[in-house]
Each structure stands twice: as C-alpha cells, then as structure tokens.
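In what follows, a single structure is set out as structure tokens and then discussed.
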Amino acid sequence: MTHPALPPLLDGLAAVADRYDGYLVDLWGVMHNGVAPYPAAVACLAELKRRGKHVLLLSNAPRRSEEATRRLAAMGIERALFDELVTSGEATWQELKSFDAPFYRGLGRRCLPIMAPTDRGMLEGLDVTVVKRTDEADFILALGIEGPGDKLDKFESLLRSAVARELPMICANPDLEVMRGDVREICAGAIALRYEEMGGRVRYHGKPHDGVYRRCFALLEGVPRARILGIGDSLRTDIAGADAAGIDSLLILGGILEEHLGGPDSVAASATDPQQMGRHLATAVAHPDLLMVRFCW
C-alpha cells in the first residue's frame, strides 16, 4: 500500500518560529504528563515569549481557567510563560452561568454531575441545583471520571437511565483519554461518546469545537490566521480543531500517540517511517501540517 508523503518532521520549533506570531498550545502530552512538566517544553514557551510571540494555552481541562492556572503554577509552569489560558471548562462554566445560548434556553437548573470531588469548583457561582439521580435531573454535566481507575462500564447504568429520560448532556472535555504519568485514563469525552451511541444528545465545549477557537482569535486580535499555529498531541481534537478553524497545526507524537507508535524508545523512529505514520494518518479526521516528537525549541 502506498502512503502519502508525511508532513515535515521538526527537530524543534525554531525551524518554523518565524512563520507564526500566535501559538495555541495544548497542555496534556505537550507541556506536561499530568504529573510533571516537560522541561524542554517549558523552555520552549520561555523562548517564544522572549521573542515577543503571542502564546495562548488551549486545553480541554474541565475546570475554570483560574484553577487550571493555579495547578500549572504548582507543577512548575509559571504564569509569565503565556498570555492567557483558555479551557473547555471555562467555556462550559460561562454558558452555564448565562444560560443564553440556544442549547441552554429552556434547560432546567437541576444538574447531575459526573466528576471527581476535586472538580467541584466548576459548580461554584452557578444557579444550579446539584442532584444525584437521573429522575431528579434536568441535565447531565460530564466533567470526567469520579476516581482513579474508573472504566467506562461504571457509568453504563446511569447513562441508560439518562437516555430513557431524554436528559441532555453537557460535556466539558471532549478528549477520549489522557495519560496521567504512565497511566491511561478515560475522559469525559469517552462518556459523552458512549451516551451518543445510546441515542443521547450531547453539547460539547472545547477542542475541536469552534467556541474555544473564537475565544482564542478574539484574544489574538490583529494576528492573521495564517500566522497562528495550533500545537497538540491529539489528531481528533487538536489537529481537527485547528484544521476546522483555518490555522496550521503541529502534531506532537510523544503524547497520547506514543504508545501507538511503539512507546518512548520507538516514537522517534516511527516518526520517520512512512508506513507506520501513514497508518495513523490515513484514517485521521484531519492531517497535521507539521510533526514533532516532543515540544521543544
């Protein structure tokens, strides 16, 4: 089978930095692994800022931007390294605060959340009543798993009950999975996808959907889209979102794709193998313009 030519594989961002003035940078798998930052990635942000580039962190984190910023600082990614942090959680919270968007008009205020206890801050300041059963709820709010090791089948009964009651679901993280250190975890997107498969209706906030990109472009007012680069490790969210938004994209291979490319010791070799990479890109919903093993300068 003949595979199409691969996008250019960069040793570092320095090779293309002069092409772009604005950067939309993913977090998990690019800046950190959920536990600790990647030093080379932190140094890369510092160099971009030193050169006067506009750096926005764009994350499908299901929490408010302020809380996500605090967590980054605690991890060692300082606020001075970026202009703004845009999260899917913040986009979700703002819609729940106003209830102005078409999806939200007429929606009741009784919310059944699927989330970890540490994400309760997402409910603060909202005019909603938190309930525990589907027969009490007006909608489901999917933020993520409830605890380490949760699998999709844990939520099957709840989802079936919600579908039977035709409850809409709001998903604050479209990602299907994430690596937390060396452990692969499902995200709210996997729960939402299963709900859709059952016939449920889902409203998504975050990449690849356009709302968070509109917010980024407003923050980057004056920067042409041709001069903006989206950087992430997910073909389904980061690359597809950048493509739909009309900006170039850079796929980081050492994040969520690393295991599929043979692990940390093989990802670099796989990146230069047309057959190996071709298999991963052939069925992708969008193709990146550039490749890099790890985010670095």
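The values are calculated or read from the model by the stated rules, or taken from the named source; none is laboratory data. Note that the structure is predicted; figures quoted are calculated from it, not measured. A quick note on method: Cβ atoms are made from the backbone with ideal geometry, for glycine too, and the neighbour counts reach across all protein chains shown.
Out of THR118, THR87, THR92, THR129, I need the residue that is at pLDDT 95 or above and surrounded by fewer than 15 Cβ atoms within 10 Å (Cβ to Cβ). Which one? Spell out the reasoning first.
Working: THR118 fails: at pLDDT 95 or above; THR87 fails: surrounded by fewer than 15 Cβ atoms within 10 Å (Cβ to Cβ); THR92 fails: surrounded by fewer than 15 Cβ atoms within 10 Å (Cβ to Cβ).
THR129 is the lone residue from the list that is at pLDDT 95 or above and surrounded by fewer than 15 Cβ atoms within 10 Å (Cβ to Cβ).
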Conditions (1) of a type in the set (A, V, I, L, M, F, W, C); (2) under 21 Å from MET31 (Cβ atoms); (3) modelled with pLDDT of 95 or more: number failed by LEU235: (3)
Sole exception among (1) touching a residue at least 40 places away in the same chain (Cβ under 8 Å); (2) assigned to a strand (DSSP E or B) for VAL55, by number: (1)
Output for region 185-209, where each listed residue is at pLDDT below 95 and surrounded by fewer than 19 Cβ atoms within 10 Å (Cβ to Cβ): GLU185
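Do we find that ALA244 is in the same structural domain as LYS53 (by TED's automatic domain parsing), modelled with pLDDT of 90 or more and not charged (D, E, K, R) in this structure?
Numbers: in the same structural domain as LYS53 (by TED's automatic domain parsing): yes; modelled with pLDDT of 90 or more: yes; not charged (D, E, K, R): yes.
For ALA244, the condition - in the same structural domain as LYS53 (by TED's automatic domain parsing), modelled with pLDDT of 90 or more and not charged (D, E, K, R) - is met.
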Residue satisfying all of: in region 126-165; polar (S, T, N, Q) and in a helix (DSSP H, G or I); nearest to LEU176 (Cα to Cα) among these: SER157
